[in-house]
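S.K.: First the structure, which I've put down as C-alpha cells, then a few questions once you've had a look.
The values are calculated or read from the model by the stated rules, or taken from the named source; none is laboratory data. Keep in mind that this is a model prediction, so the values were computed, not measured. Because the Cβ atoms are built from the backbone with ideal geometry, glycine has one as well, and the counts that use them run over all protein chains shown.
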Amino acid sequence: MGYITAGINHRTAPITLREQVAFSADQLPDALQSARSHTGIEEIVILSTCNRTEIYCALHSSSAETIEMYYGKLIDWLTHYHQTNSVLLAEHAYLFYDQEAIRHLMRVACGLDSMVLGEPQILGQLKSAYASAQEADTAGPALNRLFQHSFTTAKQIRTETAINEQPVSVAYAATRLAKQIFSDLSENTALLIGAGETIELTARHLCQQGVSNIIVANRTLERARLLTDRFGGRPVLLSDLSQVLHESDIVISSTASPIPVLGKGAVERALKQRRHKPMFMVDIAVPRDIEPEVSELADVFLYTVDDLQDVIEDNLQQRKDAARKAERMIEADTFEFMTRMRSLDAVNLLRNYRQSTEAMRDQELEKAMQWLARGANPEEVLQQFARSLTNKFMHQPSVQLKNAAAMGQQEKLEWAEKLLGLDSNQKTDSTQDA
C-alpha cells in the first residue's frame, strides 16, 4: 500500500494557472469519476481551494515505477480535463509519496501549508473534499484511515498549540488592508460578493472593525439573507450587482463562479456614479471573480489573494513558535501512522502465510485419514504425515535460501536466521562430530 499527492499551490504556481485547474463543488463528482476512469486509481480525493488543487491517492504498490506511472497519468488527466498546457502544468506541479504524502496532508489540514499560517478554513475544506469523494465512492479504506488520522492530528494541534489564536486568515488580511486605505471603516459601505465561509469570516471581521453598512450579493437570496440576518445589512441577488456597486467603498468577492462576475465596464459605470470616489476591491476567488483589467482604472485599488501575502507576513511571527511545535507533533503522528500501516502489511502477510500453511496441513491430513481408513499402521501413518508436512513447510524457504546463498546475498541469510529463530552459533551434529 502506498500514498501519493500531486498538485499545485500558491507557492509553486501563479494564480493564472491555479484558476485554470480549479474545481467547483459541482464539478467534483464528475471529476472524481473521470480521474478514476482515466488513471485506473481506485481511491482518489480532490481538494480545490483558491490556493491549491491537489489530488490524494492510495495505491496498491509504492514502487518507484508505479509512483512515476500514476503521477504521469494524473498530470495527463488534469491537463485534458481542464484543457490546459501540459508542459506548464508539469513545470509547476509537485509530487509527494508515502511518508512525504502523509506529512503533507497533515500539514495542509493544520494550516501549516497555507498562505495564512494556521488558517482554520482549510480543515473544513479538506473535510468537504473528503465527503465529496465518499459520496462519489472514490474514498476507500486506505484513504479513510489517512484522512481520519489527519483530522485527529489537526484537532489535537489546534487544541494544544496557539497556531490559530491570532486572526491572520485571508479574510482578516483583506480587512486589515482595507483599514490602510480607509482610516475609519465605520464610515464605509462594504459589498460582499458570495456567501461562503470566506465571505462569512470577512463579514465578521468587518463588523468587528465597526462596519455597519454591509451588502451581501449572492446567486440565491436566501443564502445572502442568512449572513445579513447574522451581521446586519441587506441581501441582493448577484444579478442585481450593478444596482448596488456604486454604493460600495469596499468590495470583497469570493464565489465559485467559473467566469468573472464583475467586469471593467460595470466598475467604470459605478465610478462615474460615485464621482470617482475611490473603491477598494479584493478578489479572493480562484478562478477570479473580478476581471484583471479593473486594476487599470485610476480610482480602483484591486488586490488578489496573491497580493495579500505582504499583509499576512506581518501577522505570522506570533504563530511561528506554535508552528514549530505543530511540526514536531506532525512528525510524530506521521511516524505513528506509517508504523501502523506497515504493521497492517505484516498482518496481511501473516494471514496469507497462515492460510497457505493450513492448506498444506489439511491436504496432508486428508491423505493420512485415507491411509488410516484403509487399515494402515497408525504409527507409520503419523510418521509419514509428519515427514510430508515438514517437507512441504521446508520446500519454499529452502529454495529461496539456496538461491540467496548462490547469489552471495549474505544479508538475506542472516535475516532468515532471525526470522526462523535460529542461533547462528549453534552447530549441527555433523559439524561437531567432524
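S.K.: Among the residues of the stretch 234-268, which ones are polar (S, T, N, Q), over 33 Å from the mean Cα position of the chain (by Cα) and assigned to a loop (DSSP other than H, G, I, E, B)?
M.R.: The answer is SER248, and nothing else.
S.K.: A further question follows. Identify, please: which residue in the stretch 3-18 is surrounded by fewer than 19 Cβ atoms within 10 Å (Cβ to Cβ) and either over 17 Å from GLN309 (Cβ atoms) or β-branched (Val, Ile, Thr) (or both) and is, among those, modelled with the lowest pLDDT?
M.R.: The selected residue is THR16.
S.K.: Just give me the residues in the stretch 358-408 being modelled with pLDDT of 90 or more and outside any helix (DSSP H, G or I), in sequence order.
M.R.: Answer for the stretch 358-408, where residues must be modelled with pLDDT of 90 or more and outside any helix (DSSP H, G or I): ARG374, GLY375, ALA376, ASN377.
S.K.: Filter the stretch 94-140 for residues that are among the hydroxyl-bearing types (Ser, Thr, Tyr) and in a loop (DSSP other than H, G, I, E, B); which is nearest to the chain's Cα centre (by Cα)?
M.R.: SER114
S.K.: Taking only the stretch 172-184 into account, find how many residues are surrounded by fewer than 24 Cβ atoms within 10 Å (Cβ to Cβ) and in a helix (DSSP H, G or I).
M.R.: Residues that pass the stated criteria total 6.
S.K.: What are the pairs, 6+ residues apart or on separate chains, where a residue within the stretch 382-402 that is touching a residue at least 24 places away in the same chain (Cβ under 8 Å) has its Cβ under 6 Å from a residue that is among the charged types (D, E, K, R) and in a helix (DSSP H, G or I)?
M.R.: SER388/GLU364; LEU389/GLU364
S.K.: Restricted to the stretch 141-163, and to residues that are buried (at least 22 other Cβ atoms within 10 Å of the Cβ) and over 12 Å from the mean Cα position of the chain (by Cα), which residue is nearest to LEU308 (Cα to Cα)?
M.R.: Applying the filter and picking the extreme gives ILE163.
S.K.: Of the numbered conditions (1) of a type in the set (A, V, I, L, M); (2) assigned to a helix (DSSP H, G or I); (3) touching a residue at least 60 places away in the same chain (Cβ under 8 Å), LEU191 satisfies every one except a single condition; which is it?
M.R.: (2) is the only condition that LEU191 fails.
S.K.: Of the conditions (1) under 24 Å from GLN180 (Cβ atoms); (2) in a helix (DSSP H, G or I); (3) under 34 Å from the mean Cα position of the chain (by Cα), VAL216 fails just one. Which one is it?
M.R.: Going through the list (1) under 24 Å from GLN180 (Cβ atoms); (2) in a helix (DSSP H, G or I); (3) under 34 Å from the mean Cα position of the chain (by Cα), VAL216 breaks only (2).
S.K.: SER343 - would you say it is over 30 Å from ILE4 (Cβ atoms), among the small types (Gly, Ala, Ser), free of Cβ contacts under 8 Å to residues at least 12 places away in the same chain and part of a helix (DSSP H, G or I)?
M.R.: no
S.K.: While we're looking at this one, here's another question. Within the stretch 141-166, restricting attention to residues that are polar (S, T, N, Q) and not in a loop (DSSP other than H, G, I, E, B), which residue is nearest to MET1 (Cα to Cα)?
M.R.: Ranking the candidates gives ASN144 first.
S.K.: Another question, if that's okay. Being over 30 Å from GLY2 (Cα atoms), out of contact with any helix residue (DSSP H, G or I) (no Cβ under 7 Å at 6 or more places or on another chain) and surrounded by 11 or more Cβ atoms within 10 Å (Cβ to Cβ) narrows it down to one residue among GLN400, GLN383, GLN409; which is it?
M.R.: So the residue among GLN400, GLN383, GLN409 that is over 30 Å from GLY2 (Cα atoms), out of contact with any helix residue (DSSP H, G or I) (no Cβ under 7 Å at 6 or more places or on another chain) and surrounded by 11 or more Cβ atoms within 10 Å (Cβ to Cβ) is GLN383.
S.K.: Could you please let me know if SER132 is in contact (Cβ under 8 Å) with a residue 40 or more places away in the chain, among the polar types (S, T, N, Q), surrounded by fewer than 23 Cβ atoms within 10 Å (Cβ to Cβ) and farther than 25 Å from ARG328 by Cβ?
M.R.: Yes.
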